[in-house]
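> Let me begin by handing over the structure; questions about it come next.
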Amino acid sequence: MQAAEAIVQIMVKEGIKDAFGIPGAGINPVYKYMEKISMNHYCMRHEEACVHAADGYYRAKHDIALAICTSGPGATNFVTGLYTAFADSIPVLAITGQANSWQLKQDAFQSVDMVSIASTVCKKVYCPLDAQEIPKIMQEAFHLMRSGRPGPVLIDLPLDIQQVEIDFDINQYEPLTVSKPQAAIDELHALLDMIEAAQSPAIIMGGGVILAKAEQALIEFAESLQLPIIQTYMAKGGVPIDHPLNAGHAGIQVGQPIGNRVFLDSDLIIGIGNRFTDRHTGNLEVYRRGRQFVHIDIEATQIGKVFQPDLGIVSDAQYALEQLNALVKERKMGDQQRLDVASLPQLRKELARETNYNQIPMIPHRVFQELNEVFDENTIFTAGCGITQIWSGQLQQINRPRRYLPSGGAGTLGFEVPAAFGAKVADPTAISVNVLGDFGFTFMGEEIAVAAAHNKPIITVIVNNAYLGLIRQNQKMAYGFEYGVDMPYNQTGLIDYVKIAEGYGCIGERVFTPTELRAALERAVASNQSYVIDAICEPEQLCDMGVALDNIRSFAPEKTE
């Protein structure tokens, strides 16, 4: 059979059911065989969106999807999506077309060195020049995506290599078994010794816990020892909102007062599946002062990357937590009571940021109050970057894992809409909502057309402040100037997001008050159609942030009646 057919058969056997792509001459041999199988294909409007959709699909369902496109600028448009997935440890199979193998050094039309370009944002990039090696490459690619710290893999396929006849029998093909590192028991005993010696230990739940589907095991561990659970931004929703040990987020941007307070009061931090990145830690001297750190991560290179912990453990989170839970019972540590955590539920209420603003133009915080009240816990939200994303992280209430899907490490404007579509494909029973700024909507907003065309409705909520809000805040606070960041025409109707929505087959509304917003959100849910709500907000509202966990500046406005 042709190598292209083998590729398609292998994808099916490895479990891929959905593909997000744009056909082109450089990849049409593979498309020829995709037509003959039961794989669902969604034609996106931009190549970058193909990867974001496959990324959102995985985050919602934990199944790998295919992102596929043609050569040249099609392939290079994949890079931002690959970087976004790579930064957040999301496995995506990316396949791109390439010029014929003999043309690779001839500057042929749409021939570009994808191996060099994409290698820094993928676990591995392949450009097979021997078609007989393709089954082995595919097998290795799937194994790599699933092993250790997950991530994307790109296979760049020369046109002629796709069409070579190879000796292949799909019945002889088997996916490789994925083995996961396991913590040594003496390491886990050492961790428990540190907890027994500590006065105020706390857990940080990272996104790796969500990827490992280990949330319940972590909650059990916390409950048995009465440890507060701080979540990183990537773990939002990993702990139910009203769980008595939920200590919210810590961080200098999407952190919450409760999370920062609990962290600063701690003397031992047990980080599990997190990366201690800069937007979480802020000033490292403040972050590390007066406390010890344990770091459990599946990827050895993550331990000590930012700072050396007092105890580093390389392990799959699920395995480590299961063993810790067994050891806690064995050591009868559950009798230990930590009275300080009893105040957490009340402290959450006291430190919660205000959202119940009635001003017009709307204070952005009120938008998130309406979102929290209208949508149920099965709703999937996506978020990209900017001031809207920070408000989202600070203010949105998410009660379940895999219901909040942000571009965390990359902070990618344009992730929101295609990721929401991918999530809707992955979980058709969920309402899929993306929340973004007026400027952010212009990056990948055209992908609402895909949702409309395929009757996979998504709801887009534009927090329209007519500014590059986060960049304006940085200019004013860090440098004392403001330039090039105002977009007043986004609120006057010169730029009309309602017409854009209608032109792409969706319903659009512009709203000015909380009452109008609530009604529009309810209509959007009831319509079962793709919907865009343009919420006109106060242009100059800033968001809370700082440079260190003990120095977060609040810009909360005064309430008016």
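> Could you state the number of Å between the C-alpha centres of the stretch 46-92 and the stretch 374-435?
Here the answer is 16 Å between Cα centres.
> Considering only ILE360, ILE390, ILE536, whose Cα is most displaced toward the positive end of the charge dipole of the stretch 354-543, charges sitting on Cβ of Lys, Arg (+1) and Asp, Glu (-1)?
Highest projection toward the positive end goes to ILE390.
> Give me D for the stretch 419-477 in µm² s⁻¹, whole number, from Stokes-Einstein with Rh from the Kirkwood sum over alpha-carbon pairs, 10 °C and 1.306 mPa s.
The diffusion coefficient I find is 125 µm²/s.
> Separate question: Return LEU470, LEU104 ranked ascending by Cβ neighbour count within 10 Å, so the fewest neighbours appear first.
In order of increasing Cβ crowding within 10 Å: LEU104, LEU470.
> Turning to a different aspect of this structure: Based only on Cα atoms, what mean projected area does the convex hull of the stretch 413-544 have, in nm²?
8.2
> Quick one: if the Förster radius is 45 Å, what FRET efficiency do ALA342 and ASP278 give, using the C-beta to C-beta distance and rounding to 0.05?
The computed FRET efficiency comes out at 0.85.
> For THR460, THR492, which order do you get if you count the other beta carbons within 10 Å of each Cβ and list the fewest first?
THR492, THR460
> What do you get for GluC sites (Glu not before Pro) in the stretch 162-251 restricted to DSSP loop and a cutoff of at most 10 other Cβ within 10 Å of the site's Cβ?
Numbers: sites: GLU165, GLU187, GLU196, GLU215, GLU220, GLU223; in loops: none.
Taking the stretch 162-251 and a limit of 10 other Cβ atoms within 10 Å, no loop GluC sites (Glu not before Pro) are found.
> How many Å³ per residue does the convex hull of the Cα positions in the chain occupy?
Working: hull volume 86.8 nm³, N = 561.
Residue-normalised Cα hull volume stands at 155 Å³.
> Provide the gained length on full extension for the span ASN372 to ILE170, in nm with one decimal, where the gain is 0.36 nm per separating residue minus the Cα-Cα distance.
Between ASN372 and ILE170, full extension yields an extra 67.9 nm.
> Using a Förster radius of 51 Å, what is the FRET efficiency between GLN308 and ASN455 based on their Cβ-Cβ separation? Nearest 0.05, please.
E(calc), rounded to 0.05, equals 0.45.
> Evaluate the distance, in nm, between pseudo-label points positioned 7 Å from the Cα of ILE37 and of THR120 along their respective Cα→Cβ axes.
3.3
> Hey, got the Cα dimensions of the stretch 118-241 along the principal axes, in Å, largest first?
Cα spread of the stretch 118-241 along its principal axes, largest to smallest: 66, 29, 24 Å.
> Moving to a separate point now. Per-residue HN-Hα couplings for the stretch 544-554, Karplus 6.51 cos²θ - 1.76 cosθ + 1.60 at θ = phi - 60°, whole Hz, x for Gly and Pro?
Values, residue by residue: 5, 5, x, 9, 8, 4, 9, 9, 8, 8, 8 Hz.
> Further question: Extent of the stretch 3-172 along each principal axis, from alpha carbon coordinates, in Å, largest to smallest?
Principal-axis extents of the stretch 3-172 (Cα, largest first): 39, 37, 29 Å.
> Now for a separate question. At q = 0.12, 0.17 Å⁻¹, what base-10 log of I(q)/I(0) does the Debye formula yield for the stretch 209-331 when every alpha carbon is treated as an equal point scatterer in vacuo?
-0.41, -0.87
> Which order do the peptides 247-258, 525-536, 501-512 come out in when sorted by mean C-beta neighbours inside 10 angstrom, highest first?
Result, highest mean first: 247-258, 525-536, 501-512.
> Next question, about the same structure. Give me the distance between the Cα centres of the stretch 238-312 and the stretch 497-536, rounded to whole Å.
That distance is 38 Å.
> What pairs from LYS180/LYS349; LYS61/LYS136; LYS32/LYS123; LYS13/LYS305 go past 30 Å between their alpha carbons?
LYS180/LYS349; LYS13/LYS305
> Could you work out how far the C-alpha centroid of the stretch 175-214 sits from that of the stretch 135-171, in angstrom?
One Cα centre to the other: 32 Å.
> Taking other Cβ within 10 Å of each residue's Cβ, how do MET333, MET487, MET114 sort, fewest first?
With the fewest neighbours first, MET333, MET487, MET114 line up as MET333, MET487, MET114.
> Follow-up question, since we're still on this one. What number, in percent, do you get for the relative contact order of the stretch 208-263 if the mean sequence gap of Cα pairs under 8 Å and at least 6 apart is divided by its residue count?
28
Bear in mind these aren't lab numbers, they're just calculated from the coordinates by the rules spelled out. Being a predicted model, the structure only gives us computed values, none of them experimental. Don't worry about glycine lacking a Cβ; one is built from the backbone with ideal geometry, like all the others, and counts go over all protein chains shown.
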